[in-house]
Amino acid sequence: MKKNNVGIVDDHLLFAEGISNIITQSIDLNLSFITSSVSDLFELLKIHRIDFLLLDVNLPNFNGIDILKKLKIEEPQIKIMILTMYQPIDIGLDLKTFNGDAYVLKISGKNILIEALQCMKSDVKYFDPNIIHKLNKEDSFTNQLKLTKREKEIIALISIGKTSREIADQLFLSELTIKTHRKNINEKMGTKSVAQLISKVNSN
(Lines give C-alpha, C1' and ligand atoms only; values in the text may rest on other atoms or scores of the structure.)
Protein backbone atom coordinates (compact mmCIF):
# COMPACT_ATOMS: atom_id res chain seq x y z
CA MET A 1 0.00 0.00 0.00
CA LYS A 2 1.30 3.44 -0.95
CA LYS A 3 2.23 5.59 2.02
CA ASN A 4 1.08 9.18 2.25
CA ASN A 5 3.76 11.88 2.43
CA VAL A 6 3.73 14.51 5.15
CA GLY A 7 5.49 17.83 5.74
CA ILE A 8 5.85 19.71 9.03
CA VAL A 9 6.15 23.49 9.45
CA ASP A 10 7.07 24.53 12.99
CA ASP A 11 9.67 26.95 14.36
CA HIS A 12 10.43 24.63 17.29
CA LEU A 13 12.50 22.01 15.49
CA LEU A 14 12.94 19.75 18.51
CA PHE A 15 9.16 19.54 18.86
CA ALA A 16 8.76 18.92 15.11
CA GLU A 17 11.31 16.11 15.20
CA GLY A 18 9.43 14.49 18.07
CA ILE A 19 6.18 14.69 16.10
CA SER A 20 7.88 13.21 13.05
CA ASN A 21 8.98 10.20 15.10
CA ILE A 22 5.41 9.63 16.28
CA ILE A 23 3.84 9.77 12.85
CA THR A 24 6.43 7.66 11.07
CA GLN A 25 6.39 4.98 13.78
CA SER A 26 2.67 4.94 14.58
CA ILE A 27 0.84 5.58 11.34
CA ASP A 28 1.43 4.72 7.69
CA LEU A 29 3.12 7.98 6.63
CA ASN A 30 6.43 9.06 5.11
CA LEU A 31 8.11 12.24 6.36
CA SER A 32 9.03 14.41 3.38
CA PHE A 33 10.39 17.46 5.18
CA ILE A 34 10.53 19.59 8.33
CA THR A 35 11.00 23.34 8.06
CA SER A 36 10.61 26.41 10.25
CA SER A 37 10.52 28.80 7.29
CA VAL A 38 7.41 29.70 5.32
CA SER A 39 9.48 30.80 2.32
CA ASP A 40 11.29 27.45 2.40
CA LEU A 41 7.92 25.71 2.61
CA PHE A 42 6.84 26.99 -0.80
CA GLU A 43 10.17 25.98 -2.31
CA LEU A 44 9.89 22.52 -0.75
CA LEU A 45 6.39 22.10 -2.15
CA LYS A 46 7.87 22.49 -5.63
CA ILE A 47 10.15 19.54 -4.94
CA HIS A 48 8.04 17.27 -2.75
CA ARG A 49 4.55 16.04 -3.52
CA ILE A 50 2.94 15.79 -0.10
CA ASP A 51 -0.49 14.62 1.00
CA PHE A 52 -0.56 16.08 4.52
CA LEU A 53 0.89 19.22 6.08
CA LEU A 54 1.18 19.86 9.82
CA LEU A 55 1.26 23.62 10.25
CA ASP A 56 1.93 25.76 13.32
CA VAL A 57 0.06 29.05 13.79
CA ASN A 58 2.85 31.14 15.30
CA LEU A 59 5.59 31.28 12.66
CA PRO A 60 8.34 33.89 12.17
CA ASN A 61 6.73 36.87 10.38
CA PHE A 62 3.73 34.77 9.34
CA ASN A 63 0.35 33.58 10.62
CA GLY A 64 -0.27 29.90 9.99
CA ILE A 65 -3.98 30.47 9.37
CA ASP A 66 -3.13 32.85 6.53
CA ILE A 67 -0.75 30.25 5.08
CA LEU A 68 -3.49 27.63 5.32
CA LYS A 69 -5.90 29.84 3.35
CA LYS A 70 -3.26 30.46 0.69
CA LEU A 71 -2.42 26.78 0.35
CA LYS A 72 -6.08 25.78 0.13
CA ILE A 73 -6.27 27.93 -3.00
CA GLU A 74 -2.91 27.04 -4.52
CA GLU A 75 -2.54 23.42 -3.35
CA PRO A 76 -6.10 22.22 -2.61
CA GLN A 77 -5.09 18.54 -2.75
CA ILE A 78 -2.98 18.90 0.42
CA LYS A 79 -4.82 18.13 3.66
CA ILE A 80 -3.73 20.54 6.37
CA MET A 81 -3.65 20.14 10.13
CA ILE A 82 -3.19 23.18 12.31
CA LEU A 83 -0.99 22.01 15.19
CA THR A 84 -0.72 24.77 17.77
CA MET A 85 -0.58 25.75 21.42
CA TYR A 86 -3.44 28.23 20.90
CA GLN A 87 -7.13 27.63 21.41
CA PRO A 88 -9.19 28.88 18.41
CA ILE A 89 -10.69 31.59 20.59
CA ASP A 90 -7.16 32.84 21.42
CA ILE A 91 -6.48 33.68 17.77
CA GLY A 92 -9.98 34.87 16.88
CA LEU A 93 -10.72 31.78 14.81
CA ASP A 94 -14.32 30.73 14.24
CA LEU A 95 -14.32 26.97 13.70
CA LYS A 96 -17.49 27.31 11.62
CA THR A 97 -15.42 28.97 8.88
CA PHE A 98 -12.22 26.96 9.42
CA ASN A 99 -11.26 25.42 6.07
CA GLY A 100 -8.44 23.21 7.29
CA ASP A 101 -8.77 19.47 7.77
CA ALA A 102 -7.81 19.19 11.44
CA TYR A 103 -7.12 21.44 14.42
CA VAL A 104 -4.97 19.86 17.15
CA LEU A 105 -3.51 21.38 20.30
CA LYS A 106 0.12 20.80 21.25
CA ILE A 107 -0.96 20.08 24.84
CA SER A 108 -2.74 16.95 23.62
CA GLY A 109 -1.27 13.48 23.58
CA LYS A 110 0.05 11.14 20.95
CA ASN A 111 -3.27 9.32 20.58
CA ILE A 112 -5.13 12.49 19.60
CA LEU A 113 -2.53 13.31 16.96
CA ILE A 114 -2.81 9.82 15.51
CA GLU A 115 -6.62 9.95 15.60
CA ALA A 116 -6.55 13.29 13.76
CA LEU A 117 -4.26 11.90 11.05
CA GLN A 118 -6.45 8.84 10.64
CA CYS A 119 -9.50 11.08 10.24
CA MET A 120 -7.66 13.14 7.63
CA LYS A 121 -6.85 9.94 5.72
CA SER A 122 -10.57 9.10 5.79
CA ASP A 123 -11.60 12.62 4.65
CA VAL A 124 -13.18 13.38 8.03
CA LYS A 125 -12.55 16.83 9.52
CA TYR A 126 -11.12 16.59 13.03
CA PHE A 127 -11.25 18.95 16.01
CA ASP A 128 -9.18 18.21 19.10
CA PRO A 129 -11.50 17.20 21.98
CA ASN A 130 -9.46 19.52 24.24
CA ILE A 131 -10.70 22.56 22.34
CA ILE A 132 -12.84 24.67 24.64
CA HIS A 133 -16.27 24.62 23.10
CA LYS A 134 -19.03 26.64 24.71
CA LEU A 135 -22.31 24.92 23.92
CA ASN A 136 -25.20 27.37 24.08
CA LYS A 137 -28.18 25.71 25.78
CA GLU A 138 -30.50 27.57 23.45
CA ASP A 139 -28.52 26.70 20.32
CA SER A 140 -30.95 26.33 17.42
CA PHE A 141 -28.99 23.45 15.88
CA THR A 142 -29.14 21.25 18.98
CA ASN A 143 -32.75 22.23 19.63
CA GLN A 144 -33.62 21.27 16.07
CA LEU A 145 -32.25 17.79 16.73
CA LYS A 146 -34.42 17.60 19.86
CA LEU A 147 -31.50 16.97 22.16
CA THR A 148 -32.44 16.88 25.83
CA LYS A 149 -30.84 19.17 28.42
CA ARG A 150 -28.85 16.20 29.72
CA GLU A 151 -27.65 15.26 26.21
CA LYS A 152 -26.47 18.82 25.58
CA GLU A 153 -24.62 18.74 28.89
CA ILE A 154 -22.92 15.47 27.95
CA ILE A 155 -21.92 16.81 24.51
CA ALA A 156 -20.30 19.83 26.17
CA LEU A 157 -18.29 17.51 28.44
CA ILE A 158 -17.31 15.26 25.54
CA SER A 159 -16.14 18.36 23.65
CA ILE A 160 -13.58 19.15 26.35
CA GLY A 161 -12.23 15.60 26.35
CA LYS A 162 -14.09 13.97 29.24
CA THR A 163 -14.42 10.16 29.16
CA SER A 164 -17.68 8.34 29.94
CA ARG A 165 -16.30 7.47 33.38
CA GLU A 166 -15.37 11.09 34.11
CA ILE A 167 -18.74 12.36 32.86
CA ALA A 168 -20.53 9.79 35.03
CA ASP A 169 -18.58 10.92 38.09
CA GLN A 170 -19.22 14.59 37.37
CA LEU A 171 -22.98 14.13 36.80
CA PHE A 172 -23.42 11.53 39.57
CA LEU A 173 -24.72 8.94 37.12
CA SER A 174 -23.62 5.41 36.25
CA GLU A 175 -21.18 4.85 33.42
CA LEU A 176 -23.79 2.63 31.71
CA THR A 177 -26.28 5.53 31.78
CA ILE A 178 -23.72 7.83 30.15
CA LYS A 179 -22.97 5.23 27.46
CA THR A 180 -26.70 4.96 26.74
CA HIS A 181 -26.95 8.75 26.44
CA ARG A 182 -23.94 8.75 24.09
CA LYS A 183 -25.55 6.09 21.91
CA ASN A 184 -28.74 8.19 21.69
CA ILE A 185 -26.74 11.34 20.93
CA ASN A 186 -24.88 9.63 18.07
CA GLU A 187 -28.17 8.35 16.64
CA LYS A 188 -29.70 11.85 16.72
CA MET A 189 -26.56 13.51 15.36
CA GLY A 190 -25.89 10.83 12.73
CA THR A 191 -22.34 10.32 14.02
CA LYS A 192 -20.29 7.24 14.84
CA SER A 193 -17.27 8.57 16.72
CA VAL A 194 -16.16 11.31 19.10
CA ALA A 195 -14.28 13.02 16.26
CA GLN A 196 -17.37 13.10 14.04
CA LEU A 197 -19.57 14.31 16.90
CA ILE A 198 -17.26 17.19 17.83
CA SER A 199 -16.79 18.11 14.17
CA LYS A 200 -20.57 18.27 13.61
CA VAL A 201 -21.19 20.33 16.74
CA ASN A 202 -18.41 22.79 15.89
CA SER A 203 -19.45 23.16 12.26
CA ASN A 204 -23.06 24.15 13.00
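Expressed to the nearest 5 percent, the antiparallel share of DSSP beta bridges inside the chain is 10 percent. Over the stretch 10-70, Cα pairs under 8 Å with separation of 6+ residues give a relative contact order of 34 percent. Heavy atoms of the protein chains alone define the surface here; on that basis the chain has 53 Å² accessible area per residue at 1.4 Å probe size. Residues Glu151, Glu17, Glu75, ordered by accessible area of protein heavy atoms at a 1.4 angstrom probe radius and largest first, appear as Glu17, Glu75, Glu151.
Put a dot 7 Å past the Cα of Ile73, heading toward its Cβ, do the same for Met85, and the two dots end up 3.1 nm apart.
Largest first, how would Phe98, Phe62 line up by accessible area (1.4 Å probe)?
Phe62, Phe98
Subtract the Cα-Cα distance of Lys46 and Phe15 from 0.36 nm times their separation in residues, and report this length gain in nm to one decimal. Walk me through the intermediate numbers first.
Details: separation 31, 0.36 × 31 = 11.16 nm, distance 2.47 nm.
Net length gain for the segment: 8.7 nm.
Seen from Gln77, the other residues with C-beta closer than 13 Å to its C-beta sum to a net charge of -2, counting Lys and Arg as +1 and Asp and Glu as -1. If you plug the beta carbon distance of Gln25 and Ile107 into 1/(1 + (r/R0)^6) with R0 = 35 Å, you get a FRET efficiency near 0.95.
Computed over protein heavy atoms with a 1.4 Å probe, the carbon and sulfur contribution to the accessible area of the chain reaches 51%.
Would you mind getting me the FRET efficiency between Arg150 and Lys96? Use the beta-carbon distance for r and R0 = 30 Å, nearest 0.05.
Numbers: r = 25 Å, r/R0 = 0.84.
Efficiency for this residue pair is about 0.75.
Quick one: order Asp10, Asp94, Asp51 from most to least accessible surface, probe 1.4 Å.
Values: Asp10 5, Asp94 75, Asp51 45 Å².
Ranking Asp10, Asp94, Asp51 by accessible area, largest first, yields Asp94, Asp51, Asp10.
Rounded if a/c is under 1.5, else prolate if a/b is larger than b/c, else oblate: which is the chain, with a ≥ b ≥ c the root eigenvalues of its Cα gyration tensor? Prolate shape, in that a/c is at least 1.5 and a/b is the bigger ratio. In the chain, Cα pairs under 8 Å separated by at least six residues give a relative contact order of 15 percent.
The values are calculated or read from the model by the stated rules, or taken from the named source; none is laboratory data. Computed from a predicted model, the values in this text were never measured in an experiment. Glycine also receives a Cβ, built like all others from the backbone with ideal geometry; neighbour counts cover every protein chain displayed. Please note that ligands, DNA and RNA were not included when accessible areas were found on the heavy atoms of the full protein model with its side chains. Shrake-Rupley method; radii C 1.70, N 1.55, O 1.52, S 1.80 Å.
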